[in-house]
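Trainee: Sharing a structure below in structure tokens format, with a few things to ask.
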């Protein structure tokens, strides 16, 4: 489902150490530990594992999570941002922003002497074995389309920890981290999946739902933001109408959302 020639989290494309510095606001890892975590995730990108929930994720002591950004929960998780470059090069960098690194009991089958947090990437992008698991194929079809179009992709979440803490401090930290990422990556376009990600970045009045609405680019500093319907299966009931409203064949399914993104970049939006 992923192009064999796609490069995953290459340090030559993006300074991993700079990301590690800002991710220390999420989990108390030094730069060496953070870089080692990225190497582990990178190894899983092209490795087929029979036990991906054991082999493909990083586990660290739960006590290292910064209390300001996480709430107590049975299945704590953190997503590290990640990036992909297609074989055809980097004509344009597109930043895809999701919601949070939700976890459940499936991720917590490894015995341990102390509680741990499971570290991965948005939509398990690093795990070859999990690209066809649950809801992930919907995201991979969208990502595949954008990679095939030659775009470099940077994936992140609004909330880096699960369950995320509520209140102004956690929201402020999450926004500051995301703003830092945007400055570091300098994307041509930031795509937000769904209302929650859109409102977290642009404010509570920025998204008024997606049913029957035309997609539009909204200014944000030196870049722009394109809110789109979240590709989740939960939105299947409104996907066809959303695509048709935006001049895309409803028969394309979630790939049609990727077409809306490419149309926004090329200036062909309805």
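Nothing in this text is a laboratory measurement; each read-out follows from the coordinates by a stated rule. Because the structure is a prediction, the values reported are computed rather than measured. Quick reminder, even Gly has a Cβ in these numbers, built from the backbone with ideal geometry, and neighbours come from all protein chains shown.
Trainee: Specify the angular offset, from 0 to 90 degrees and rounded to the nearest 10, of the alpha carbon long axis of helix 136-148 from the longest principal axis of the alpha carbons in the chain.
Mentor: It is inclined by approximately 60 degrees.
Trainee: Let me ask you something else. Given a Förster distance of 22 Å, report the FRET efficiency between residue 105 and residue 166 from their Cβ-Cβ distance, rounded to the nearest 0.05.
Mentor: That gives a FRET efficiency of 0.45.
Trainee: Let me ask another. Once you have the Cα-Cα distance between residue 196 and residue 47, take 0.36 nm times their residue separation minus that, and quote the gain in nm to one decimal.
Mentor: Contour length minus the Cα-Cα distance gives 50.3 nm.
Trainee: Sequence gap at least 6, Cα distance under 8 Å: using those rules, report the relative contact order of the range 7-266 to the nearest whole percent.
Mentor: Value for the range 7-266: 21 percent.
Trainee: So how long is each side of the range 53-143 along the principal axes, counting just the alpha-carbon atoms, biggest first, in Å?
Mentor: 46, 28, 19
Trainee: Evaluate the distance, in nm, between pseudo-label points positioned 7 Å from the Cα of residue 64 and of residue 133 along their respective Cα→Cβ axes.
Mentor: 2.1 nm
Trainee: Evaluate the distance, in nm, between pseudo-label points positioned 7 Å from the Cα of residue 234 and of residue 24 along their respective Cα→Cβ axes.
Mentor: Calculated label separation equals 3.5 nm.
Trainee: Please report 114, 87 as a ranked list, fewest other C-beta atoms within 10 angstrom at the top and most at the bottom.
Mentor: 114, 87
Trainee: In whole Å, how far is the Cα centre of the range 119-165 from that of the range 244-264?
Mentor: Comparing the Cα centres of the range 119-165 and the range 244-264, I get a distance of 19 Å.
Trainee: Please work out how much length the chain gains when fully extended from residue 176 to residue 91, using 0.36 nm per residue of separation minus the C-alpha to C-alpha distance, in nm with one decimal.
Mentor: Length gained between residue 176 and residue 91: 27.9 nm.
Trainee: While we're on this one: Calculate how steeply helix 236-245 sits against the longest principal axis of the alpha-carbon atoms of the chain, using the helix alpha-carbon long axis, and give the answer as 0 to 90 degrees to the nearest 10.
Mentor: 40 degrees
Trainee: Still on this structure, please answer the following. What order do you get for 43, 157 when you list them from fewest to most C-beta neighbours inside 10 Å?
Mentor: Arranged by neighbour count, lowest to highest, 43, 157 become 43, 157.
Trainee: Right, here's the next one. Kindly put 23, 238 in sequence by how many other C-beta atoms sit within 10 Å of each C-beta, fewest to most.
Mentor: Ascending Cβ contact count within 10 Å gives the list 238, 23.
Trainee: Based on C-alpha coordinates, I'd like the Rg and Dmax of the range 92-172, in Å.
Mentor: 15.0, 46
Trainee: Output the 0 to 90 degree angle, nearest 10, between the alpha-carbon long axis of helix 255-266 and the longest principal axis computed from the alpha carbons of the chain.
Mentor: Between helix and principal axis, roughly 70 degrees.
Trainee: Can I ask one more? When N is the residue count of the range 7-266, what does its C-alpha Rg come to as a fraction of 2.2 N^0.38 Å?
Mentor: So the range 7-266 has a normalised radius of gyration of 0.97.
Trainee: At what distance in angstrom do the alpha carbon centres of the range 42-73 and the range 175-224 lie from each other?
Mentor: Here the two parts' Cα centres lie 27 Å apart.
Trainee: Once you sort the root eigenvalues of the Cα gyration tensor of the range 148-270 as a ≥ b ≥ c, which label holds: rounded (a/c under 1.5), prolate (a/b larger than b/c) or oblate (the other case)? Intermediate results must be reported in sequence, preceding the final value.
Mentor: Working: a/c = 1.93, a/b = 1.44, b/c = 1.34.
Prolate shape, in that a/c is at least 1.5 and a/b is the bigger ratio.
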